[in-house]
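None of the figures in this text is laboratory data; all of them are computed from the coordinates on show. These figures come from a predicted structure and were not determined experimentally. In this analysis, Cβ positions are derived from the backbone assuming ideal geometry, glycine residues included, and neighbour counts consider all displayed protein chains.
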Amino acid sequence: MKQNLIALLCGIIFGVGLSLAQMINPNKVLNFLDITGNWDPSLIFVMLGALIVAFISFKWILKRPAPLLAEGFHISKNSSVDKSLLLGAAIFGIGWGMSGYCPGPAVTGLGLLSLESVILVVAIYLGFFVYNRFLGQK
Amino acid sequence: MENFTPFSATAGGALIGISVTLLLLFNGRIGGVSGIMNGVFFAPKNDRNWRLIFLAGLILGAFIFQLLVPDFNVPRQNYPLLLLGLGGFLIGAGTRMSGGCTSGHGICGIANLSIRSLIATLTFMAAGMITVYIIRHSLELVA
């Protein structure tokens, strides 16, 4: 129950952050990726803002034996740089560049009642399903 | 660069940083949205509720922000359906194959000093930039 409240709070803060940063405006994201056009570097500043906070806090949090409300940390131990990492990231990047959305803004855009977000979320789940069902098991 | 908004971008980013901080500190979870989304349907049954609640929070956050600051973010209209649908499909398959997206690899992974996440982030950014160059400047599918 408490964990669900934290999840709700974290989702709201994340959604407000994406809104304030205008990362739910897909054309702003495309303008970041459009380095030969009218370039908008804002997305880098979003990442820097998040990274400065998370870099300091993660280091401190992960010194703890456990999180405050759970038995352990769920963190990927996978450190391999392999074909599926590179190919998967490239495929994701192509979809990102085609649409101007990544998963966070796609879901968050539902709060704007954006029809595009509905299409994106359905298509992303279709991609999950096809990968999990036919390609995955890693 | 007339659309460059460094202050609201950094402040919004810091909020995202606070969100992933609290999620890790209290629940021990990584705030990677593609992984959270995927688990709503594909994680063990007892590990699904918080994920759906987090996603509902994202939507609620944008909804509240929109009430407070109307017209700050306006939904895009008339973007080619094929680019949205195929793009979304590739986002879904690609993030599963590589194990993360902009938040999971780009923020949480890099903050945790993961080389794997740094390389994923550089890769999807490069792929995104090449793709935008093609659709905007070579094929001229969108303005």
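What distance in nm separates the simple spin-label points at B:A43 and A:K2, each placed 7 Å from Cα in the Cβ direction? Once both label points are built, they end up 1.9 nm from each other. Which one of A:N25, A:L120, A:L9 is farthest out on the positive end of the charge dipole of chain A, using unit charges on Cβ (Lys, Arg +1; Asp, Glu -1) and the Cα centre as origin? In chain A, that residue is A:L9. For A:I75, project a label point 7 Å along Cα to C-beta. Then give me every residue of region B:35-69 with its amide nitrogen under 20 Å of that point. Those under the cut-off are B:35-36. Remark: the protein assembly as shown carries a charge dipole of roughly 980 debye about the Cα centre, counting +1 on each Lys and Arg Cβ and -1 on each Asp and Glu Cβ.
Taking the empirical scaling 2.2 N^0.38 Å for compact globular proteins as reference, region B:42-101 has a Cα radius of gyration ratio of 1.49. Helices of chain B meeting both criteria, an alpha-carbon length of 18 angstrom or more along the long axis and an average Kyte-Doolittle score not below 0.0, with helices taken as full DSSP H segments, are B:6-22, B:49-68, B:81-98, B:115-132. Working note: 222 nm ellipticity from helices only, DSSP H runs with n ≥ 4, each -39,500 (n - 2.57), summed and divided by the residues of chain A, gives -20000 deg cm²/dmol to the nearest 500. A Förster distance of 22 Å, applied to the separation of the beta-carbon atoms of B:E140 and A:L87, puts the FRET efficiency at 0.20.
For the set A:K77/B:K45; A:K28/B:K45; A:K2/A:K63; A:K2/A:K59, the pairs lying more than 31 angstrom apart at their alpha carbons are A:K28/B:K45. For region A:32-121, applying the loop criterion from DSSP together with a ceiling of 14 other beta carbons within 10 Å to the trypsin sites (Lys or Arg not before Pro) yields A:K63, A:K77.
Note on the protein assembly as shown: dipole from Cβ charges, positive end direction compared against A:L85, A:I52, A:A106; the farthest Cα belongs to A:L85.
Compute the distance from the alpha-carbon center of region B:119-143 to that of region B:26-69, in whole Å. Taking the Cα centre of region B:26-69 as reference, the centre of region B:119-143 is 28 Å away.
Taking only the alpha carbons of chain A, we obtain Rg and Dmax values of 17.2, 49 Å in that order. Between A:F134 and A:L113, the FRET efficiency estimated from the beta carbon spacing at R0 = 30 angstrom works out to 0.35. Applying both filters, DSSP loop and at most 14 other Cβ atoms within 10 Å, to the chymotrypsin sites (Phe, Trp or Tyr not before Pro) of region A:49-138 eliminates every site.
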